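The values are calculated or read from the model by the stated rules, or taken from the named source; none is laboratory data. From a predicted model like this one, the values you see are computed outputs, not experimental measurements. Counting neighbours? That spans all protein chains shown, and the Cβs are built from the backbone with ideal geometry, glycine included. For the accessible areas, the whole protein counts, side chains as well, though only heavy atoms, and no ligand, DNA or RNA atoms are used. Shrake-Rupley method; radii C 1.70, N 1.55, O 1.52, S 1.80 Å.
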Amino acid sequence: MGQKIPPVKGTRDVLPGDTYLKKDDPWIRTGHLQLIEQAARDLFPLYGYREARTPVLERTALFSRGIGEGTDIVSKEMYTFEDRDGTQVSMRPEGTASLVRAYVEHAVQQQEPETKWWYAGPMFRHERQQRGRYRQFSQIGVEALGSPGPRIDAEQIEMLDRWLRALGVPFEMHLNTLGDAQCRPAYREALQAYLRAHSAGLCEDCRKRVETNPIRVLDCKNPGCQEIAAAAPGMEQFLCAPCREHFEGLRRSLDGLGVVHVIDPKLVRGLDYYTRTAYEAIATSGLGSQSTVAGGGRYDGLVRELGGGDVPGIGFAAGVERLALLLAQAGRELLVRPLVFFAPLGPQEESRVDALALELRKAGLPAEVSFRRSNLGNQMKRADALGARFALVLGDAELKSGRAKLKELKTGAEHEVELADLPDAVRRLSAR
């Protein structure tokens with residue numbers, strides 16, 4: 001027997017069932033991911049968002065320019081290597097830079113003045129594994145490009161709010177403004193001066209951030225850093241008139257759309273490209289310190305930074321694994337179960353069962369067939385394990401008469417049906 005090969009550290013398998021998994025481990029199953037993804041596929045197009053897909057592998061320069069050299073993602077967490085032709089490439093750590101690169105590459109601005117895209121897929125960051133955070137993780141996100149005013153911000157936040165409520169996630173929507181290139185430099189200077197004066201109480205990472213990306217200190221989870229950040233100057237003291245007007249317009253629009261939100265002056269986004277609006281959906285239970293399930297904001301200078309025009313943009317990304325943990329705790333998932341389980345009693349009945357199952361599937365009715373020649377009791381156990389609603393046992397008598405009993409596994413009720421009319425009979429009984 002060959003030696004087992006373990007998975008890569010920081011990655012995790014997602015399997016469809018839990019009968020063979022550790023009972024003390026909060027396991028994410030495919031049914032949780034499918035429910036999250038399906039809810040997005042149903043909702044986002046109602047707001048005009050169309051799906052876009054970009055490569056996992058991108059040039060490293062995309063992220064160092066787009067995200068920022070001073071961010072932890074670029075400086076510490078990216079999986080970067082040299083391709084065979086000498087090009088530095090990285091596995092994407094987030095989705096926005098890739099979509100903006102595609103937007104610029106294909107001159108989308110010239111074809112449509114306003115663009116709405118959504119995406120779903122794997123991202124990669126080499127960071128310490130925590131609950132709901134893995135080195136390969138999934139994100140679902142949206143990007144809206146071309147709209148400068150606060151109404152698109154409000155519409156996007158309301159869409160996120162509706163998506164999370166449809167999933168049953170307990171959360172609060174937090175909101176802040178980060179200013180722009182006109183007013184943020186003065187804030188950065190005041191914040192740096194304050195943090196330098198209190199550097200002795202900061203953690204080692206935050207002492208470095210004071211010089212490279214001081215706003216990130218406000219987001220540190222270290223208790224000492226949080227205590228210092230609580231008394232730091234706030235962005236609201238430095239806002240220019242256009243930024244203040246944008247934020248006030250956003251709040252009015254959110255009130256008009258009925259979105260309850262909390263103003264959080266310490267809310268920042270960790271990437272350099274964010275300006276003005278910043279927002280996060282923060283879980284109110286179930287995730288501990290890693291409680292942010294989705295976050296986003298405005299990035300009005302990113303398209304220009306990546307070689308495009310002066311195009312405003314706003315987007316959010318949600319951590320699928322964190323959402324899945326909340327759904328697992330709530331017992332919610334998308335279950336794919338057979339409607340009918342067929343149990344043939346002998347070799348002659350097997351071919352007839354295969355044909356009957358095919359008829360159901362062609363009619364859009366999920367069916368499962370027993371392929372093991374085991375006794376009827378074991379076949380019924382299999383039907384129960386799969387969560388089938390009905391079981392149909394086919395023996396010699398049923399084969400000759402053309403009639404069989406469709407048994408409801410939950411109640412034990414039996415319904416005699418014509419095999420020649422099976423799809424209609426199943427559809428009629430399942431509608432009850």
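Here are some notes:
- Relative contact order of region 157-289: 47 percent, from C-alpha pairs under 8 Å at least 6 residues apart in sequence.
- Neighbour-limited loop hits for trypsin sites (Lys or Arg not before Pro), region 25-103 (at most 14 other Cβ within 10 Å; DSSP other than H, G, I, E, B): R53, R84
- Ranking R128, R361 by solvent-accessible area of protein heavy atoms (1.4 Å probe, all protein chains present), from largest to smallest, gives R128, R361.
- Its alpha carbons give region 27-176 an Rg and a Dmax of 16.7, 48 Å.
- Whole-percent carbon and sulfur share, accessible surface of the chain, 1.4 Å: 50
- Part-to-part distance (alpha-carbon centres) for region 200-217 and region 30-99, which is given in Å: 26
- Interatomic Cα distance distribution for region 88-163, bins of 5 angstrom, percent: 3, 12, 20, 19, 19, 14, 9, 4, 1
- In the chain, a dipole from Cβ-located charges (positive for Lys and Arg, negative for Asp and Glu) runs towards its positive end, and of N222, A102, G308 it is N222 whose Cα lies farthest in that direction.
- In Å², nearest 10: area of H198 left accessible to a 1.4 Å probe: 80
- Helical content alone sets the calculated 222 nm signal of the chain at -11000 deg cm²/dmol, taking -39,500 (n - 2.57) per DSSP H segment of four or more residues and averaging over every residue.
- Solvent exposure of the chain, expressed per residue, is 50 Å² of accessible area, with all protein chains present and a 1.4 angstrom probe.
- Take the Kirkwood radius over Cα pairs of region 203-284, plug it into Stokes-Einstein at 25 °C and 0.890 mPa s, and you get 170 µm²/s for translational diffusion.
- In this structure F342 has an accessible area near 0 Å², from a 1.4 Å probe over the protein heavy atoms.
- About the Cα centre, charge dipole magnitude for the chain (Lys/Arg +1, Asp/Glu -1 at Cβ), debye: 1020
- Pairwise label distance in nanometres, R432 with T87, each label 7 Å out on the Cα-Cβ vector: 6.2
- Shape box of region 157-310 [Cα atoms, principal axes, largest first, Å]: 45, 41, 30
- With the whole protein complex present, V262 retains an accessible surface near 60 Å², based on a 1.4 Å probe.
- Relative contact order %, the chain, counting alpha carbon pairs below 8 Å whose residues are six or more apart: 16
- When only alpha carbons are used to place a centre, region 113-149 and region 307-329 end up 4 Å from one another.
- Between helix 150-167 and the chain: long-axis angle, C-alpha atoms, 0 to 90°, nearest 10: 30
- Treating each Cα of the chain as one equal point scatterer and applying the Debye formula with no solvent, the log10 of I(q)/I(0) at q = 0.07, 0.08 Å⁻¹ comes out as -0.47, -0.58.
- Antiparallel DSSP beta bridges within the chain, as percent of all bridges there, nearest 5: 80
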